[in-house]
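**Q** Got a structure here, written out as C-alpha cells. Questions coming.
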Amino acid sequence: MPATACLYSSTAPVWTPPRCWQSPASSGEAIFLEAEPDARTYRARVFDLFEELPFAGHPIIGAAAALHETADCDEDQQWRFNLAGKSVTVVTRRTDSGYFGMLDQGHAQFLGEVPVDDDIAAVFDLTRADLDPTLPLAVMSTGLRYLILPVRSQVLPRARIKADITGLLEALGAQFAVLFDETSREIRHWNNDGIIEDIATGSAAGTIGAYRLRYCGAQSGEAFTLNQGRFTGRPSELVVEPHGVPDNITSVKVGGGVAIVGHGAVVTPRSS
C-alpha cells in the first residue's frame, strides 16, 4: 500500500495547505513534514492506520524522495528528519524509474534475548521445531522495538498471526514482531492483529541488519539484500548495511527504490 508525505507550514503568515505526495511504500503510513531553519532539515511526525509512531523507515525514505522531486536537481541530496525521539538522515539519488533512498537509522539497541517458548511460536501458528535452533530470539531496536524470531528454511510460507499479539510483545519489551529466515534472507511482518501484512518494512529491516551483524556473521559496512512481500504478491527488496561490531552497532542503513505515483493538496477550512 502507499505511503503519503505531506509538507505543511505552521508558521506561515497566511494559511498554507499541505502539499502531499504518494509513493507505493508501506501499509498505509503517512508522514507530515515541517521545514526547519537549516537547509534540507524537517520536523517529522509519522502515523500508521492506528497511531502515531516514533519512527518508521519507508515513510521517511518516501518523504526524502518527494522532497528531491520538488528540488528539481539531478545531484544526490541529503535530508535530515527530526522525529520526536531521534534525528535521521537520508541520501537520495535519481534513478531511471524514480529515486533510490538510503536511510541511516543510527545506533541499534540490543534489548535482550528471549527464551524459546512454545506459546511464542504458537501465536504465529508455528511450533518450537519451526524455530531456527542455531539463532536466538531477541529484541532489538533502531527506533521501534522488534521481537526477532529466526525460523528454519521453508517455514515462512506457513506462518500467520492467529490473534492479536500486542500483549505478548509488551510483556517481552517489544512493540512489533518480525519473522526472519537467515537462509533466504527473507522476513515477514504484520500489524499486531495479523490483518495486514507489510510488503517492505524499513524499521524491521534495520533491526535485522543489527541482528545479522551480532549473530549471523554479517560484516560491518557490507550491504546485503533483504527480501519481503512475496506472500502478499508484491515481492520487495531492501538494501541493508550495518556498521560497527557485534556488541556496539553504531549505524544501520536501509535503502530502497521509490516511485512517485501521485501528488496533491489537502485543503482544510480557513479559520475565521
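The values are calculated or read from the model by the stated rules, or taken from the named source; none is laboratory data. All values derive from a computational prediction rather than experimental measurement. So basically every Cβ, Gly included, is an ideal-geometry build from the backbone, and we count neighbours across all protein chains shown.
**Q** When you go through 67, 137, 111 one by one, which is the residue that is under 23 Å from residue 228 (Cα atoms) and either aliphatic (A, V, I, L, M) or without any contact (Cβ under 8 Å) to a residue 24 or more places away in the chain (or both)?
**A** Working: 67 fails: under 23 Å from residue 228 (Cα atoms); 111 fails: under 23 Å from residue 228 (Cα atoms).
Only one candidate passes the filter, namely 137.
**Q** Yes or no: the range 236-243 includes at least one residue that is surrounded by fewer than 20 Cβ atoms within 10 Å (Cβ to Cβ), in the same structural domain as residue 194 (by TED's automatic domain parsing) and assigned to a loop (DSSP other than H, G, I, E, B).
**A** No - not one qualifying residue is present in the range 236-243.
**Q** Continuing with the same structure: One residue is enough: does the range 156-164 have a residue meeting the conditions closer than 16 Å to residue 116 by Cα, touching a residue at least 12 places away in the same chain (Cβ under 8 Å) and touching a Phe, Trp or Tyr at 6+ places or on another chain (Cβ under 6 Å)?
**A** So in the range 156-164, the residues closer than 16 Å to residue 116 by Cα come out as none.
Among the residues of the range 156-164, not one is closer than 16 Å to residue 116 by Cα, touching a residue at least 12 places away in the same chain (Cβ under 8 Å) and touching a Phe, Trp or Tyr at 6+ places or on another chain (Cβ under 6 Å), which makes the answer no.
**Q** Same structure, new question: Is at least one residue of the range 10-27 over 30 Å from residue 247 (Cβ atoms), assigned to a strand (DSSP E or B), at pLDDT 75 or above and outside the structural domain of residue 190 (by TED's automatic domain parsing)?
**A** No: the range 10-27 contains no residue that is over 30 Å from residue 247 (Cβ atoms), assigned to a strand (DSSP E or B), at pLDDT 75 or above and outside the structural domain of residue 190 (by TED's automatic domain parsing).
**Q** Mind listing just one residue for me: the one in the range 32-64 that is free of Cβ contacts under 8 Å to residues at least 24 places away in the same chain and not in a loop (DSSP other than H, G, I, E, B) and, of those, farthest from residue 199 (Cα to Cα)?
**A** If we take residues in the range 32-64 being free of Cβ contacts under 8 Å to residues at least 24 places away in the same chain and not in a loop (DSSP other than H, G, I, E, B), then 52 is farthest from residue 199 (Cα to Cα).
**Q** Kindly indicate the residue of the range 55-70 that is modelled with pLDDT of 90 or more and more than 15 Å from the chain's Cα centre (by Cα) and also nearest to residue 206 (Cα to Cα) among those meeting that condition.
**A** The qualifying residue nearest to residue 206 (Cα to Cα) is 65.
**Q** Here's another thing I want to ask about it. In the range 64-89, which residues are of a type outside the set (Lys, Arg) and closer than 30 Å to residue 170 by Cα?
**A** First, pick out the residues of the range 64-89 that are of a type outside the set (Lys, Arg): 64-79, 81-85, 87-89.
Answer for the range 64-89, where residues must be of a type outside the set (Lys, Arg) and closer than 30 Å to residue 170 by Cα: 81, 82, 83, 84, 85, 87, 88, 89.
**Q** Considering each of 97, 153 in turn, give the residue that is surrounded by fewer than 18 Cβ atoms within 10 Å (Cβ to Cβ) and closer than 28 Å to residue 258 by Cβ. Step through it out loud before you land on a result.
**A** Details: 153 fails: closer than 28 Å to residue 258 by Cβ.
Checking each option against the conditions leaves just 97.
**Q** Also, quick follow-up: If the requirement is being more than 25 Å from residue 221 (Cβ to Cβ), in a loop (DSSP other than H, G, I, E, B) and either at pLDDT 95 or above or out of contact with any helix residue (DSSP H, G or I) (no Cβ under 8 Å at 6 or more places or on another chain) (or both), which of these qualifies: 85, 106? Even if it seems obvious, please write down each step before you answer.
**A** Details: 106 fails: more than 25 Å from residue 221 (Cβ to Cβ).
It is 85.
**Q** Could you go through the range 138-150 and let me know if any residue there is surrounded by fewer than 21 Cβ atoms within 10 Å (Cβ to Cβ) and over 25 Å from residue 232 (Cα atoms).
**A** no
**Q** Name the residue, out of 181, 198, that is in contact with a His (Cβ under 9 Å, 6 or more places away or on another chain) and buried (at least 16 other Cβ atoms within 10 Å of the Cβ). Before the answer, list the steps.
**A** Values: 181 fails: in contact with a His (Cβ under 9 Å, 6 or more places away or on another chain).
So the residue among 181, 198 that is in contact with a His (Cβ under 9 Å, 6 or more places away or on another chain) and buried (at least 16 other Cβ atoms within 10 Å of the Cβ) is 198.
**Q** Select from the range 244-272 the residues that are closer than 25 Å to residue 197 by Cα and not in a strand (DSSP E or B) and list them in ascending order.
**A** Listed by number, the residues that qualify are 259, 260, 261.
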